[in-house]
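The values are calculated or read from the model by the stated rules, or taken from the named source; none is laboratory data. Computed from a prediction, not measured in an experiment: that's the story for all the values here. Cβ sites come from the backbone with ideal geometry, for glycine too, and all protein chains shown count toward neighbours.
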Amino acid sequence: MLEITKKTAVITGGASGIGLALARYWTENGGNVVLGDIDLKALDYAASTLKPNVATVLCDVTKEEDCAILADTAIEKFGEINLVAPFAGIIMDSMMVSPDKETGKVTRKMSLTQFQKVIDINLTGVFLTARECLERMINNNCKGLICFISSTGSLGTAGQINYSSTKAAMSVMPKVITAELFRRGFSDKIRCSAIAPGYVGTEMVKNMNEKALSRILSDVPIGRLIEPEEVVSLIGEMYKNEAIAGDVFFIHGGLRLGSGG
Ligand SMILES: NC(=O)c1ccc[n+]([C@@H]2O[C@H](COP(=O)([O-])OP(=O)(O)OC[C@H]3O[C@@H](n4cnc5c(N)ncnc54)[C@H](O)[C@@H]3O)[C@@H](O)[C@H]2O)c1
C-alpha cells in the first residue's frame, strides 16, 4: 500500500470541483499538490485555502508547453510526481443535428467549434498532461498512479457526442498505458486507472435548472448527487492499493440500473 504523506499530486482543473476536492484530500493527508488551471482567480483562491504544500501553475492543458511547465514545477518544487489527475474538462452540449418540429428539416447542428473544443481540452489536454508527467515520473524514478476521469457519459449520452467520445477515450487509455508500461518494465512502479463518476454535486451540475436536475435524480437509485468527497475517497484507495491497475471504476449511485437512462 502506498502512503500519501510527502507524496506529490499534479491536478489539472484543480481550481474547482472534483480537482479541488482531491487537492484538499491530498493535502489533509500530508501530501503536496501542484494545481494547474486556466482560471487564475480560482487558482489563487484554491491555493489560499490549501496552504502550505501547494504550488499553482496557470496552465491551459491544450498547450504542450504549459503541460511541460506544470510537470517541471512538480519536480522542481517537490522532487517527484506520485499522482497525476488530469481532470480539466468542459461540456458543450448539443444534439448533433436538430430538425425543426414543423418541417422535419434540420435547422441546427453541433458546430465544429463545439465538437473540437471539448476534444481539445478533455482528450488532447489529458494526453499532454499525462505524457509530460509520465516522462518525468520515469526519469525521476517515481512510484504512483495516473488516474484519468471518465464518466457514465462514456456509455453514451444524447446531446453529448463530443463529451461522451472523450470520456469513452478515458476508459481505454488506462489499458493502453498499462500495457505500454508493462512492455517497458515500469508497470510495477507506475500504474494507470480511471474513475467514472455519475452526477457529482459540483457547481457545473448544481447550476443546472431545477427541472433538469430533478429529472436526473429520478434515475439515481441513491436519490441524490454524488459528493466530490466520495469520488476523491475512491481515488485515494486506487492510489494506495497497488493491486489496482489498468481498469475503470464507476461511482454513480446506481445510475441507469433499472432506469431508462
Ligand atoms: N461533475 C460531474 O458530474 C462529473 C461527472 C463525471 C466526470 N466529471 C469530470 O470531472 C472533471 C472535473 O469536473 P468538475 O465537475 O469538477 O468541473 P468544474 O467545472 O468544477 O472544474 C473543471 C476545471 O477545469 C478548468 N479548465 C477548463 N478548461 C481548462 C483548460 N483548457 N486548461 C486547464 N484547466 C481548464 C476549469 O477552469 C475548472 O476549474 C471533468 O473532466 C469532468 O468531465 C464530472
Out of all the residues in segment 126-146, is one or more assigned to a loop (DSSP other than H, G, I, E, B) and more than 22 Å from residue 80 (Cβ to Cβ)? no
The residue that is nearest to the chain's Cα centre (by Cα), considering only those in segment 173-204 that are among the β-branched types (Val, Ile, Thr) and within 16 Å of the ligand (Cβ to nearest atom), is 195
Which one of 11, 91 is modelled with pLDDT under 95 and either within 21 Å of residue 202 (Cβ to Cβ) or crowded, with 20+ Cβ neighbours inside 10 Å (or both)? 91
Residue, farthest from residue 257 (Cα to Cα), within segment 187-230, restricted to residues that are among the acidic types (Asp, Glu) and either modelled with pLDDT of 90 or more or part of a loop (DSSP other than H, G, I, E, B) (or both): 188
Mind telling me which of the residues 246, 201, 236 ends up being in contact with a Lys or Arg (Cβ under 7 Å, 6 or more places away or on another chain) and surrounded by 14 or more Cβ atoms within 10 Å (Cβ to Cβ)? 246
Looking at segment 87-105, which of its residues are in contact (Cβ under 8 Å) with a residue 40 or more places away in the chain and more than 28 Å from residue 14 (Cβ to Cβ)? 95, 96
Contact list please: Cβ distance under 8 Å, first residue in segment 201-213 and under 19 Å from residue 16 (Cβ atoms) and in contact (Cβ under 8 Å) with a residue 60 or more places away in the chain, second residue in a helix (DSSP H, G or I) and within 9 Å of the ligand (Cβ to nearest atom), pairs at least six apart or on different chains. 202/17; 202/18; 202/228; 203/17; 204/17
Are any residues in segment 72-115 assigned to a strand (DSSP E or B), small (Gly, Ala, Ser) and within 16 Å of the ligand (Cβ to nearest atom), and if so, which ones? 85
Among the residues of segment 1-21 satisfying the criterion of being assigned to a loop (DSSP other than H, G, I, E, B) and among the β-branched types (Val, Ile, Thr), which is farthest from the ligand (Cβ to nearest atom)? 5
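Could you list, in sequence order, all residues of segment 48-68 that are more than 12 Å from the ligand (Cβ to nearest atom) and crowded, with 17+ Cβ neighbours inside 10 Å?
Residues satisfying the conditions are 50, 53, 54, 55, 68.
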Report yes if residue 244 is within 17 Å of the chain's Cα centre (by Cα) and either modelled with pLDDT of 85 or more or not hydrophobic (A, V, I, L, M, F, W, C) (or both), otherwise no. no
Does segment 149-171 contain at least one residue that is over 25 Å from residue 92 (Cα atoms), part of a loop (DSSP other than H, G, I, E, B), more than 14 Å from the chain's Cα centre (by Cα) and hydroxyl-bearing (Ser, Thr, Tyr)? no
Looking at segment 25-35, which of the residues that are out of contact with any strand residue (DSSP E or B) (no Cβ under 9 Å at 6 or more places or on another chain) and free of Cβ contacts under 8 Å to residues at least 40 places away in the same chain is nearest to the ligand (Cβ to nearest atom)? 28
Selection count, segment 14-37, where residues are surrounded by fewer than 24 Cβ atoms within 10 Å (Cβ to Cβ) and closer than 22 Å to residue 205 by Cβ: 5
Output yes when any residue across segment 106-120 is modelled with pLDDT of 95 or more, in contact with an Asp or Glu (Cβ under 8 Å, 6 or more places away or on another chain), surrounded by 14 or more Cβ atoms within 10 Å (Cβ to Cβ) and not basic (Lys, Arg), and no when none is. no
